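To keep things clear, I will list the structure first and then write my remarks on it.
The values are calculated or read from the model by the stated rules, or taken from the named source; none is laboratory data. None of these values were measured; they are calculated from a predicted model. All Cβ positions, even for glycine, are placed from backbone atoms using ideal geometry, and neighbour counts span all protein chains on display.
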Amino acid sequence: MDTNRLILKYVCISLIIYSIMSDTSNCIASEKTGSDVFGLLKNRDQIIKSEVPKAATFNTLTDASLFDPNQGSLLKHHSVIWEKSDVKMKIAYHYNQDPVYVPPGSTYQPINYDKDKRLIVWRFLETYIVLTPEKTEKLDKLQKMYVSPNGETEKSTGIHNAKHIFHANSRVSGDGDFTFFLLAAGLGFSDYIDANNIELVKTSNGNRMEINSRGKFGKDTKGKWKLTVDPNTAYFVREASFTGEGLDKPSIKISTSSIVDKDGLKYARETHMVCADSFVREYTDIDITLRNNQELRQEVIQNMESPLPPGSEITDFNEGEPNHTRVK
C-alpha cells in the first residue's frame, strides 16, 4: 500500500513538473523579440545563400498581356539552379489560347499593326538567365504573330532573339525572376528588412505575429515592410507587403500557403502575389532540393554562349542610357 502511494505521489509530481516546464516553454516562445524572429529568418536564408548546390522548379500563372485581358493567360514553367550568387534559370512559356484581334484604340496604337491592318503580337517561347554578382544576362526567344480582323492568325517562320545585359551598377536590375521566386517561397526577406528597426506585435489572427520594419526592395527603393509570421511553423512568413516611401498602397503583397519541410529547408509550395496593386501572379508547384542539375546548367550555358543569329537584338543597360545594337 505504501509502495502504491509512493508511486502515485511520484506520478503526480512528475505531471506537475511537466506542466510547469510546458508552461515555461510556451512563455519563452511567446516572449520572442523582433530581433529573435529576424535571427530565425536570417538563419533560414543562410541555406539558400550557401555553396551547397540547389535546384528548383515552379510554375507561375499570369495574364498573357499586362494591358490586354483579351489575350488570355500565360503559364510559365521555371527551372533554376544556384550556388551562392551564381544562378542559372530557364523559363518555358505556355499560352492558353492564340492571340485575338483587337482594333486600334487605347490598348494598341497604329504602330502595333502591319500594312494589311493585322495586329502584331510577340509571344515568348523560352528565356535563359545567368545571374552573377557582376551582371545579369537574359536571353529571350520570341515568335512574331499576326492576327487579322477576321480572327485568322499567322506565325512568322523565324525565332527572334533578344538579349539583355544588366550590370551591377545599372539603374535597372535584371534579377527579378529569381528574387520574386525566393520571396514567393517565403525566403530571402532578411535581405530587405532593417534588423535594427523591427517592431513585433501580435495580430488578431490567432497567435500569429506581425513584423513592422523599415527596409528596401529592388536596387534602392526604400519603404516599409510588414511581415506576418506563424510561430506554429517556426515563424515562417505567411504574409508580406512592401510600401514604398511616399506611397499609400503596397507595391507588392504576398500570401504563402502549403508549407513544406524538405531537406532541412522550409518553404511555401504555393503563393499568391500582387504587384503594383493589379498585376496578379500565382506561384504553384514550388519544389526545392539540395542537389545539382548539370543538364540544366549545360543547356543554359549553351544558349547564352552560342553566337546570336543576324537580326538579333542586344540591349546593354549600363550606367547611362541603354545601348541597343542589332546583330548583322
Log entry, pairs with first residue in the range 158-175 being assigned by TED's automatic domain parsing to the domain that holds K144, second being in a loop (DSSP other than H, G, I, E, B) and of a type in the set (A, V, I, L, M), beta carbons closer than 7 Å, six or more apart or on different chains, reads N161/L308; K163/L308; F166/V172
V130 vs (1) buried (at least 16 other Cβ atoms within 10 Å of the Cβ); (2) under 24 Å from I91 (Cβ atoms); (3) at pLDDT below 95: all pass except (3)
The strands (runs of 3 or more DSSP E) lying wholly within the range 80-180 that contain at least 3 residues that are over 19 Å from the mean Cα position of the chain (by Cα) are 119-131, 135-147, 153-155, 160-167
With respect to K224, determine if the residue is more than 18 Å from the chain's Cα centre (by Cα) and closer than 20 Å to S190 by Cβ.
yes
If we keep only residues of the range 311-328 that are surrounded by 14 or more Cβ atoms within 10 Å (Cβ to Cβ) and of a type in the set (D, E, K, R), then the residue modelled with the highest pLDDT is E313
Query raised in the report: Taking the condition among the hydrophobic types (A, V, I, L, M, F, W, C), without any contact (Cβ under 8 Å) to a residue 40 or more places away in the chain, within 30 Å of N318 (Cα to Cα) and not assigned by TED's automatic domain parsing to the domain that holds Y128, does L183 pass?
Result: no
Selection from the range 287-310 of residues at pLDDT 95 or above and of a type in the set (A, V, I, L, M) yields I288, L296, V300, I301, M304, L308
Among the residues of the range 240-292, the number that are surrounded by fewer than 16 Cβ atoms within 10 Å (Cβ to Cβ), without any contact (Cβ under 8 Å) to a residue 60 or more places away in the chain and assigned to a loop (DSSP other than H, G, I, E, B) is 9
Q.
So for the range 111-130 (the condition being without any contact (Cβ under 8 Å) to a residue 24 or more places away in the chain, under 22 Å from T315 (Cβ atoms) and not aromatic (F, W, Y)), does at least one residue qualify?
A. yes
